[in-house]
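Inspection log for the structure reproduced underneath, given as structure tokens.
Every number here is computed from the coordinates shown, using simple stated rules; none is lab data. Keep in mind that what you see is a predicted model, and the values were worked out from it rather than measured. No Cβ is skipped: glycine too gets one built from the backbone with ideal geometry, and neighbour counts run over all protein chains shown.
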Amino acid sequence: MTETVFELPGGPFRLRRALATDVAAIVGLLADDQLRAAEESAAPADLAPYLTAFAAIDADAAHLLVVVEDPAGLVVGTQQLTVLPGLARSGATRLQIEAVRVSAALRGNGLGSAMLTWAVEYARASGCRLVQLTSDSSRLDAHRFYEGLGFSSSHVGFKLLL
């Protein structure tokens, strides 16, 4: 994967593959979320489970975890992409987008749109015929954002916590 630069207000912003040294910053972005605040800590006492998960993601060619850095080198965005082969839709391969986060201070400057547009292009280059993502049902602003990028609310999702 090659780095990509987004020329946006407050930028340039650099999208690149995540490194183990980015894990703490990624966890901070995950924690800066009203729905996940109870599950994540911006400064967890133990990064070990996150580093273990990062190693598994990074070692699997079907997964790509990316971060976006601001001009000062601070991680201000992230998303995880997974290429999923499938039998449905005549054997279509799909891209699953997970854990899209943009620093609260930068929301509205176009960074989220640039990240998702880049992910769709990554899907095309990877031979995918479908891009999918899920969003918590209470995130109405996020739903409008995704719909504005051409995504449609086509399915109802279910989860079972174990």
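On a C-alpha basis, how far is the centre of region 62-114 from the centre of region 121-162 in Å? Whole number, if you could?
Comparing the Cα centres of region 62-114 and region 121-162, I get a distance of 11 Å.
Which residue, Ala18, Ala72, Ala45, has the most motion in a Gaussian network model of the chain that connects Cα atoms within less than 10 Å?
Ala45
Take Leu81, Leu87 and order them by how many other Cβ atoms sit within 10 Å, fewest up front.
Ranked by crowding around the Cβ, least crowded first: Leu87, Leu81.
Report the one residue of Leu19, Thr4, Val131 whose Cα lies farthest in the direction of the positive end of the charge dipole of the chain (charges on C-beta: Lys and Arg +1, Asp and Glu -1; origin at the Cα centre).
Value computed over the given set: Val131.
About its Cα centre, how strong a charge dipole does the chain have in debye, to the nearest 20, once Lys and Arg get +1 and Asp and Glu get -1 at the Cβ?
Charge dipole of the chain: 580 debye, to the nearest 20.
What is the fewest-to-most order of Met1, Met115 by other Cβ atoms lying within 10 Å of their Cβ?
Ordered from fewest to most neighbouring Cβ atoms within 10 Å, Met1, Met115 come out as Met1, Met115.
By the gyration tensor of its Cα atoms, with a ≥ b ≥ c the square roots of the eigenvalues, what is the shape of the chain: rounded for a/c under 1.5, prolate for a/b over b/c, or oblate?
rounded
With a length cut of 20 Å (Cα positions projected on each helix's long axis) and a Kyte-Doolittle mean of at least -0.5, go through the chain and give me the DSSP H helices that pass.
Going by DSSP H runs, the hits are 111-125.
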